[in-house]
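Here is the structure we will look at.
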Amino acid sequence: MRVAYASGMISGSFAGWWERWSGPDTVGYMTGEHPALALRGLAKRFDSKIAVAGVDLDVPAGSFYGLLGPNGAGKTTTLSMAVGLLRPDAGSAWVLGRDVWTDPVEAKQLLGVMPDGVRLFDRLSGGELLAYHGLLRGMDPAVVDQRAAELLDVLALADAGRTLVVDYSAGMKKKIGLACALLHGPRLLVLDEPFEAVDPVSAALIRDILQRYVAGGGTVVFSSHVMEVVQRLCSHVAILAEGIIKRVGTLEQVRGDRSLEEVFVEVVGGRTATGEELAWLSR
Amino acid sequence: MAVPVNVPASPVRPVSARHFVRLKLRVMGNNFRGQGWRVALFLVGSLVGLWFAVGGFFGLAAPGLAGDDRYALLVAAFGGGLAVLGWLLLPLVFFGVDETLDPARFALLPLPRRTLVKGLFAAALVSVPTLAMLVALSGLVVTAGMFGGWSAALVAAVGVILGLLVCVASARAVTSAFATMLRSRRVRDLAAVLLAVLAALLGPLQIVGLAALQDADWDAFTRVATVVGWTPFGAPWTAGIDMAQGRVWAVPLKLLIAVVTIAALLAWWSRSLESAMVGAASAGPARAKPGLTGGVVAQLFPRAAGWLQRDRFGAMVAREARYWWRDARRRANLITIAVVGLFVPVMVNLGGQGFTIDSEQGFNPVGETSPVLVSLSMLFVGLLAAVTLANQFGFDGSAYAANVVAGVPGRLELRARMTAFSLYVLPMLAVVAVVVALVIGEPTWIGFMAGALVATYGAGLAVNSFISVLGAYSLPETSNPFAMNSGAGVVKGLLTLLAMVATGAIGVPMVIAAALLGDAWLWLGLPLGVAYGVGAALLGAYLAGDVLDRRQPELLAMVTPRR
């Protein structure tokens, strides 16, 4: 019941306001010759550990791009460098043709980011947080009010009222983080683990919103290690392991005639328990 | 169908305090790994600690070395008593406690509370300040030994160790209790009052002490020392002296007082520890508060910031203003400013009789307070208020990423932070100026006092803008407002010192003006001071903002806690 209700909300209002947000002046970015996100030779070393060892990536505009990788593969590091949160040791990143590190103001305007493992300003209520993000992006207060109300409504966060974000559940935090990233109508959405620790109801809602966003001409890049979600949503996939892109292409190219999980485990080189070890588990 | 529960075949080995100590050493060691500057800072901190320790040692050993047994009891009672008082109050006001081992991390382990408290206590003992204290207070052993031989030295040694335990236990118990209290908003006012009372106690004590010093009535002094010697503050320290001076019957009683005190403090700590552990896991059910009247933008702006434009600058000021109140860590800082800012000037200026020693060589031989002395105390309050911002980005932690992603210009960011903090501090400073002026009976001085306050505060904002951008460090994500990362203690101390010295240097013209300009300063002080302060702050934001623009990602990395 809850899902149906939420989906109904979206089909009713979300599609409408999304078209209103993305005015004609942004059309050039959607259809332009620039990829939505381009990475060249991004590398980062922490002390003695090489986290990312030269990543090249082209995310076509209008694609739904999944960045796959096991824990510690360098997904978060790569995305952080791509959006200007972490200065790379080498390489560069472009958002729709704007260099993130030399022309940050232009690039960041086109960009919506939801980092993972990063706190929000969580001693604000959800509404206050949205207002802060909107004004920080230089938006008109009236527009902020209207969009924030719609987002809170669609994401089923309006009931939380003035509860501080610090008291939100994990799923609610993800949803308000997504709302903050969407508020200013970015052309590229970079999400780090958007489905981590999210209950199925919220996950369905987030999926629905992201699909509509891409259908409306936006581009989504997200990292995940949940094969099922990636397989369902993505048009393009890159598999990252040990700081290097191992496979890249459209979902069909990467997957071939096998399941994505098979390809992933093979590429990453995992092992499965043989049954000899851990015998004490089955006493 | 009941599934039989398998008892693990291997017996559970008991956890002892040794494990906690080793864990702490390991965590400290890992913190240093690959961070040369942390090792360097740790060494510097250790050297400073050693310096003070040696100084304290000779101070406390002085009666013994000089062979003057008249002062032995005095030094032991007051020196030791001050040490306990310091351990009790300094963590609250300034330094915080080292939470290398955060109690909340142990919440899920099947540890009896007794084991936990013993372990955490043992781990707390392993620290540079404790070792420095041990060195310093060994001076008492020397004194006792000189007068009473080996037996007295032995008793003194036991006393010193017990005294040290009292120090550490009191620091832990008090900060833990306060952390719990400050987290609950209902009692935050009570906490403020309590802090105020504690700080207020320092004032009368000092005045009494200085008055006594001047009269040089050693008998009266010794009587006070005798009384202090029977309180937990002095009992462990004076036991050795009692032995040396032949009051053997007092020794077991005093040691007993110390032991009972330690036990009581640990029991208290153990109680607040439990709520700290539970509180960290969950701050209670999230209550949905009614609201959503008006737009979200209107919600963001507190009433006191309602005059602001609804733009980037306004939003940042509003958010910061909300944070100074809602974040327990920041609120604790505000309370400290309010309390210390009021009491220190009153103490310094009312204790005028005591300060005649200083002012006799100075400007006012009468022994009354003077414009220079008042300006100096205002200087102190101003720089103390501003130094709160020395790690302003550390308060935000990784949440600062939002501003980096939005690409906020550095100058705007710093100006907004200054404005929001000033919303709280400027009214406080005004109250300080008025109250102090009235208390010392010089209402005409309000103008230049406020001028000196604002000038130093503004200079401090400028200095601390740089410090906060260049020397930020991460704060642990616990709900204990007094918690710090290990190693950060030294960083914090050095940076704070640096900021205060630099601010003081910039603020000194206000004191010189007060000395030289005489009556004209009564009128010129306020406008000139305000212009000086505002100018300094704006210049600081302008210059430091430039640095910030180039360092945003690096700053974010510095304030993000390592996990």
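The values are calculated or read from the model by the stated rules, or taken from the named source; none is laboratory data. Note that the structure is predicted; figures quoted are calculated from it, not measured. FYI the Cβ positions are ideal-geometry reconstructions off the backbone, even for glycines, and counts take in every protein chain you see.
What to note about this one:
- Among the residues making up the stretch A:105-121, those that are at the interface with another protein chain (Cβ under 7 Å from one of its Cβ atoms) and under 15 Å from A:Arg137 (Cα atoms) are A:Val105, A:Lys108, A:Val113.
- Flag for A:Leu189 being modelled with pLDDT of 90 or more, more than 15 Å from A:Val113 (Cβ to Cβ) and of a type outside the set (Val, Ile, Thr): no
- Check on A:Gly171, over 27 Å from A:Leu37 (Cα atoms), modelled with pLDDT of 90 or more and more than 7 Å from every other protein chain (Cβ to nearest Cβ): no
- Scan the stretch B:40-81 for residues that are within 20 Å of the chain's Cα centre (by Cα) and surrounded by fewer than 14 Cβ atoms within 10 Å (Cβ to Cβ) and the total you get is 0.
- The single condition from (1) touching a Gly at 6+ places or on another chain (Cβ under 7 Å); (2) outside any helix (DSSP H, G or I); (3) modelled with pLDDT under 75 that B:Phe233 fails is (3).
- Top-ranked residue of the stretch A:78-100 - restricted to ones that are assigned to a loop (DSSP other than H, G, I, E, B) and more than 9 Å from chain B (Cβ to nearest Cβ), ranked as nearest to B:Gly407 (Cα to Cα): A:Val100
- Yes/no for A:Arg20 being within 14 Å of another protein chain (Cβ to nearest Cβ) and either at pLDDT below 50 or under 21 Å from the mean Cα position of the chain (by Cα) (or both): no
- Any chance A:Ala53 is surrounded by fewer than 23 Cβ atoms within 10 Å (Cβ to Cβ), more than 11 Å from chain B (Cβ to nearest Cβ) and at negative phi: yes
- The residue of the stretch A:122-157 that is nearest to the other protein chains (Cβ to nearest Cβ), among those that are farther than 23 Å from A:Phe195 by Cβ and in a loop (DSSP other than H, G, I, E, B), is A:Arg123.
- Of residues in the stretch A:158-167 being hydrophobic (A, V, I, L, M, F, W, C), at the interface with chain B (Cβ under 8 Å from one of its Cβ atoms) and in a helix (DSSP H, G or I), the one surrounded by the fewest Cβ atoms within 10 Å (Cβ to Cβ): A:Ala158
- Among the residues of the stretch B:431-445, those that are of a type in the set (A, V, I, L, M, F, W, C) and touching a Leu at 6+ places or on another chain (Cβ under 8 Å) comprise B:Val431, B:Val432, B:Ala433, B:Val435, B:Val436, B:Val439, B:Ile440, B:Trp445.
- Which numbered condition B:Gly354 misses (of (1) surrounded by 19 or more Cβ atoms within 10 Å (Cβ to Cβ); (2) modelled with pLDDT of 70 or more): (2)
- The set of residues in the stretch A:39-50 that are surrounded by fewer than 19 Cβ atoms within 10 Å (Cβ to Cβ) and in contact with a strand residue (DSSP E or B) (Cβ under 8 Å, 6 or more places away or on another chain) comprises A:Arg40, A:Gly41, A:Arg45, A:Ile50.
- When the stretch B:307-326 is filtered for residues that are within 7 Å of another protein chain (Cβ to nearest Cβ), closer than 21 Å to A:Leu164 by Cβ and surrounded by fewer than 19 Cβ atoms within 10 Å (Cβ to Cβ), only B:Arg326 remains.
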